[in-house]
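Worksheet for the structure shown next.
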Amino acid sequence: MIGYRFRIMLKIISKPSFLLGLMIFLFFSFPKKTYTPGKEIHKINHNENIFAGMESIPDEHKNFILKLIPLIQQANQEVLTERERLLNIYSLVSEGKKIKLPEKRWLKKLEIKYRGKKNKSLFTNDDEIVLEYMDDLLSRVDIVPIRLALAQAAIESGWGGSRFCIEGNSYFGIHCYKPQCGIRARANENGGFEVKSYLDAQESVKDYVLFLNSKRGMQRFRDERKRFLHEAGNQDLYALTASMKGYSAIGESYQDILESILRNYIPENLADN
């Protein structure tokens with residue numbers, strides 16, 4: 001009886017359909033290691049240790065910071081993945097190699113995302129023009145320093161207590177101009193904009209990073225960020241805050257408020273990304 005059952009089982013597991021099903025099951029059942037190329041996100045210990053020496057910070061502010069750190073890291077990691085691929089293409093063009101069609105298609109999507117339009121420079125045979133075009137994209141496809149993002153979130157959302165944040169997950173006060181795209185400010189019931197709303201906090205953070213990386217009015221920030229992140233001797237976050245005046249309607253005083261939040265509430269031992 002045992003021999004008969006064994007032969008039946010052997011026939012079943014020998015069938016191609018069974019083997020294929022088994023392979024699919026094993027593939028999706030076991031965790032897979034993933035590799036993200038390029039500059040890696042620093043793993044921050046998300047606990048009270050980052051507030052050493054800052055005991056006067058209220059617990060609700062600490063919780064706000066601890067909640068947003070991994071969300072900002074995730075948004076930055078997605079940008080770094082795009083940047084790594086863009087740098088690889090840039091390197092190929094620098095070596096005199098042509099951009100293949102799949103990469104051109106990807107670059108078109110990237111440009112629409114970060115510039116809102118396509119640029120014909122991508123299709124020229126002049127490598128210098130192509131590299132110039134890609135230099136502009138590289139200035140856009142980059143991270144937002146975590147400490148800066150935290151300080152802006154604290155200001156724009158009132159440490160998470162604003163109506164726009166509570167009702168619409170709006171942590172950065174970004175405006176939108178289509179009907180029902182967000183929440184209308186009570187002081188601006190007849191105005192032409194709303195405060196953009198989101199499904200969750202992660203979506204809000206990702207849109208903030210894209211806003212800084214894509215909007216024409218944030219070009220000064222992108223220029224200063226390039227120096228801050230990629231030029232030796234320019235790692236002064238307070239110099240970068242001066243480029244954020246155009247973010248808010250309050251203008252000059254916005255920089256002062258931003259620097260005050262950074263100085264008094266945001267831990268200095270956080271990595272840029």
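No lab work stands behind these numbers, since they all come straight from the coordinates. This one's a predicted model, so the numbers in the text were calculated from it and none came from an experiment. Note that we place each Cβ from the backbone using ideal geometry, even for glycine, and neighbour counts take in every protein chain shown.
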Given Cβ charges of +1 for Lys and Arg and -1 for Asp and Glu, the option among Leu229, Gln202, Gly173 whose Cα lies farthest towards the positive end of the dipole of segment 146-264 is Leu229
If one computes the Cα centroid of segment 216-273 and of segment 125-155, what distance in Å separates the two points? 14
Counted neighbours (other Cβ, 10 Å), sorted fewest up, put Tyr247, Tyr254 in the order Tyr254, Tyr247
Which one, Asn264, Gln219, Tyr247, is farthest towards the positive end of the dipole of segment 146-264 when Lys and Arg carry +1 and Asp and Glu -1 on their Cβ? Gln219
Between their Cα atoms, which of Lys108/Lys215; Lys97/Lys215; Lys98/Lys178; Lys97/Lys117; Lys67/Lys117; Lys62/Lys117 are more than 29 Å away from each other? Lys97/Lys215; Lys98/Lys178; Lys67/Lys117; Lys62/Lys117
From the residues Tyr114, Asn125, Ile57, which one has its Cα farthest along the dipole of segment 53-140 in the positive direction, the dipole being from +1 and -1 charges on Cβ of Lys/Arg and Asp/Glu about the Cα centre? Asn125
At q = 0.13, 0.23 Å⁻¹, base-10 log of I(q)/I(0) for segment 146-264 (Debye sum, equal scatterers on each alpha carbon): -0.52, -1.45
Non-local residues with an amide H under 5 Å from the amide H of His175, with H modelled 1.01 Å from N and Pro and chain starts lacking one, are Lys196
With an 8 Å cut-off on Cα pairs and a minimum separation of 6 or more residues, tell me the relative contact order of segment 79-232 in percent. 19
Roughly how many debye, to the nearest 20, is the charge dipole of segment 146-264 about its Cα centre, given +1 on each Lys and Arg Cβ, -1 on each Asp and Glu Cβ, and no other charges? 260
Note, ³J(HN,Hα) from phi for segment 216-224, Karplus 6.51, -1.76, 1.60, rounded to Hz, x at Gly and Pro: 4, x, 9, 4, 4, 4, 5, 5, 5
Kirkwood Rh, angstrom, segment 53-140 [1 / mean 1/r, Cα pairs]: 15.3
Computed magnitude of the charge dipole of segment 130-175 (debye, nearest 20; Cβ of K, R +1, Cβ of D, E -1): 300
Explain nothing, just the number: relative contact order of segment 100-179, from Cα pairs under 8 Å at least 6 residues apart, as a whole percent. 15
Remind me, relative contact order of segment 146-264 in percent, using alpha carbon pairs under 8 angstrom and six or more residues apart? 20
Segment 53-140, dipole about Cα centre (Lys/Arg Cβ +1, Asp/Glu Cβ -1), debye to the nearest 20: 660
